[in-house]
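Heads up: the structure comes next, in structure tokens.
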Amino acid sequence: MKNIKEYSREELISLQKDLNEQYNEAKAKGLKLNMARGLPSAEQLDMEADFFNTLHPDSTFISDAGIDCRNYGELLGIQEARQLMADMMEISAEETIVFGNSSLNVMYDTVCRSMVLGVMGSTPWNKLDKVKFLCPVPGYDRHFAITEQFGIEMINIPMTNDGPDMDLVEKYVNNDPAVKGIWCVPKYSNPQGITYSDETVKRFANLKPAAEDFRIYWDNAYTIHHLYNGKEDQLLEILDECKKAGNPDLVFKFCSTSKVTFPGSGIAALGASKANLDFIKSIITIQTIGHDKLNQLRHVRYFKDINGMHEHMKKHAAILRPKFELVIDSLEKELGGMGVGEWNNPNGGYFVSFMAMNGCAKRIVSLCKEAGVTMTGAGATYPYKNDPDDSNIRIAPTFPPIEDLKKALEIFTICVKLASVEKMLEA
């Protein structure tokens with residue numbers, strides 16, 4: 001397809017007229033399609049209906065250690081659930097605490113603890129003049145919302161194909177004691193689907209923070225969320241690398257089963273060094289007597305072990321793979337060679353990241369909304385919702401049925417072309 005920059009002004013005006021006709025036809029259909037968030041589809045949720053049969057009135061509710069899961073106790077989680085989530089994070093059960101249904105909640109609480117009580121004896125952040133976080137961009141909007149709510153200054157760190165720009169990360173972390181953390185989605189990153197390279201992980205592990213309470217917030221949300229058997233991305237295990245580098249306390253790992261079983265009733269876990277966990281335990285022992293052990297037991301009985309979880313995720317992949325392939329095929333067919341955008345082709349995760357021509361993302365999302373397709377807000381993948389290039393759009397193909405997704409993509413590609421032509425005609 002001809003690159004848009006090669007069009008004459010007359011050709012652009014003609015193309016704009018054709019695209020406006022296509023757009024008005026699409027708009028007249030009165031569609032209401034939602035691709036705003038990376039939700040599991042109804043088909044995925046229906047697939048797991050037998051999960052609820054795992055425990056029933058005649059079940060034994062006793063854990064392997066003889067704990068009655070209906071009662072109080074087991075602050076760190078029942079041992080078999082700790083082992084299951086540890087295997088998911090590729091660490092040991094002793095380095096793992098199992099919480100409630102949401103890893104986002106665990107991350108929020110971890111930041112909040114640091115603000116109010118400090119980190120392992122350090123000064124609480126709310127008593128400091130300045131607290132900063134590094135934010136790889138584009139990134140996860142809910143990460144940024146946490147740090148923004150606590151008044152933490154956020155610093156953009158550009159993403160590369162190997163992960164965050166580590167030259168910049170090292171510059172900030174190793175020299176500025178106000179930098180207390182960095183948000184990371186290291187495998188099938190949100191939204192680009194990038195998996196950090198071995199070198200990137202090792203450079204993280206070998207950081208020499210100016211702040212003793214600096215931590216890497218390693219949100220491994222998509223650790224087992226592959227799309228293709230035999231094409232799984234591999235991620236070096238960060239906690240082990242930190243130990244090798246003499247920095248055992250440097251990282252907090254987070255994961256959950258929110259997109260494995262049910263977002264509303266999964267289990268989440270935190271992985272960290274013994275010193276970190278001992279400190280966290282001293283706080284949460286006052287906060288709670290324990291989380292939902294019946295749900296922990298249900299997950300263990302359902303999956304048996306990590307192998308059962310991997311087999312289960314292949315069923316998810318079979319549902320999601322055609323949707324991701326439809327997105328890539330549609331973008332290639334309608335936009336390939338036009339020079340109106342770039343996109344990733346991930347091997348896993350929940351998103352496709354689209355980089356439009358600078359200055360076009362907000363217009364594209366607005367046009368889509370007017371035509372009945374709700375996208376993630378332009379700018380959402382940057383701190384303060386401010387994409388300096390107005391370029392990134394997160395495509396979330398997982399939730400809609402595939403026929404609705406096809407209609408949404410038809411509208412999206414029309415809007416991309418239309419906004420791009422408008423931008424060219426402004427020049």
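What's the local net charge at L31, with K and R +1, D and E -1, over the other residues with C-beta under 13 Å away?
+1
I need two numbers for the chain: Rg to one decimal and Dmax as a whole number, Cα atoms only, in Å.
23.0, 79
What residue among Q83, Q149, Q16 has the largest mean-square fluctuation in a Gaussian network model of the chain, using Cα springs under 10 Å?
It is Q149.
Using +1 at the C-beta of Lys and Arg and -1 at the C-beta of Asp and Glu, which of Y72, P136, Y23 has the Cα lying farthest in the positive direction of the dipole of the range 1-148?
Towards the positive end, the residue furthest out is Y23.
Could you work out which residue, out of R70, R215, R37, moves most in a Gaussian network model of the chain, that is, has the largest mean-square fluctuation with Cα springs under 10 Å?
R70
To the nearest 10 square angstrom, how much accessible area does I414 have with a 1.4 angstrom probe?
20
Fully extended, how many nm does the chain gain between Q149 and A318 (0.36 nm per residue separation, minus their Cα-Cα distance)?
So the extension gain works out to 57.0 nm.
Loop only per DSSP, at most 16 neighbouring Cβ atoms within 10 Å: give me the chymotrypsin sites (Phe, Trp or Tyr not before Pro) in the range 23-87, ordered by residue number.
Passing sites in the range 23-87 are F61, Y72.
Across the range 328-427, how large is the tail of the calculated P(r) beyond 17 Å, expressed as a percent of all Cα pairs?
48
Mind checking which of K406, K171, K369 has the largest fluctuation in a GNM of the chain, springs on alpha carbons under 10 Å?
Looking only at K406, K171, K369, the largest GNM fluctuation is found for K171.
Rounded to the nearest 5, what % of DSSP beta bridges with both residues in the chain are antiparallel?
That works out to approximately 45 percent antiparallel.
Output ³J(HN,Hα) for the range 402-409: one whole-Hz value per residue in order, computed from phi by the Karplus curve 6.51 cos²θ - 1.76 cosθ + 1.60 with θ = phi - 60°, and x for Gly and Pro.
5, 5, 5, 4, 4, 5, 5, 5
Quick check: net charge around T60, other residues with Cβ under 15 Å of its Cβ, Lys/Arg +1 and Asp/Glu -1?
0
For the range 97-114 and the range 1-37, what is the separation of their C-alpha centers, rounded to whole Å?
Comparing the Cα centres of the range 97-114 and the range 1-37, I get a distance of 44 Å.
So, for the range 27-81, what is the accessible surface per residue at a probe of 1.4 Å, expressed in square angstrom?
61
Provide the per-residue ³J(HN,Hα) series for the range 383-393, in order, calculated from phi with Karplus coefficients 6.51, -1.76, 1.60 and θ = phi - 60°, each as a whole number of Hz, with x at glycine and proline positions.
Computed from phi, the couplings for the range 383-393 are x, 6, 6, 10, 7, x, 9, 6, 10, 7, 10 Hz.
Within the range 155-231, what whole-number % of the accessible surface is contributed by carbon and sulfur, with the 1.4 Å probe and all protein chains included in the calculation?
Of the solvent-accessible surface of the range 155-231, carbon and sulfur hold 42 percent.
Enumerate the calculated ³J(HN,Hα) couplings along the range 272-279 in order (Karplus 6.51 cos²θ - 1.76 cosθ + 1.60, θ = phi - 60°), each rounded to whole Hz, writing x wherever the residue is Gly or Pro.
Calculated HN-Hα couplings, in order: 6, 5, 4, 4, 4, 5, 4, 5 Hz.
Simple spin-label model, 7 Å along Cα-to-Cβ: D305 to N34 in nm?
Placing both labels 7 Å beyond Cα along the Cβ direction yields 4.0 nm.
Could you work out how far apart the two model spin labels at E325 and S8 are, taking each label as a point 7 Å from the Cα in the direction of the beta carbon, and quote it in nm?
4.3
Compute the accessible area per residue over the range 265-361, keeping the other protein chains in place, probe 1.4 Å, unit Å².
39
On average, how much accessible surface per residue is there in the range 379-427, in Å², for a 1.4 Å probe, leaving out ligands, DNA and RNA?
Per-residue value: 37 Å².
Could you check how much of the accessible area of the range 73-115 is carbon and sulfur, as a whole percent, using a 1.4 Å probe?
The nonpolar share, carbon plus sulfur, comes to 48 percent.
Decide, for the range 219-277, between rounded, prolate and oblate: order the square roots of the alpha carbon gyration tensor eigenvalues as a ≥ b ≥ c, take rounded if a/c falls under 1.5, and otherwise choose prolate if a/b is larger than b/c, else oblate.
Verdict is oblate for the range 219-277.
Kindly provide the helix-only [θ] at 222 nm of the chain, computed as the sum of -39,500 (n - 2.57) over DSSP H runs of four or more divided by all residues, to the nearest 500 deg cm²/dmol?
-13000 deg cm²/dmol
Only bridges with both residues in the range 212-339 count here: give the DSSP antiparallel percent, nearest 5.
Given both bridge residues lie in the range 212-339, the antiparallel proportion sits at roughly 50 percent.
Magnitude of the Cβ-charge dipole of the chain, K/R +1 and D/E -1, about the Cα centre, nearest 20 debye?
620
Can you list residues whose amide H is under 5 Å from F99's amide H, if they're 5+ apart or on another chain and H is modeled 1.01 Å from N?
A268, A269, L270
The values are calculated or read from the model by the stated rules, or taken from the named source; none is laboratory data. From a predicted model like this one, the values you see are computed outputs, not experimental measurements. Note: ideal-geometry Cβ built from the backbone for every residue, glycine included; neighbour counts use all protein chains shown. Quick note on the areas: whole protein, heavy atoms, side chains included, nothing else; ligands and nucleic acids left out. Shrake-Rupley method; radii C 1.70, N 1.55, O 1.52, S 1.80 Å.
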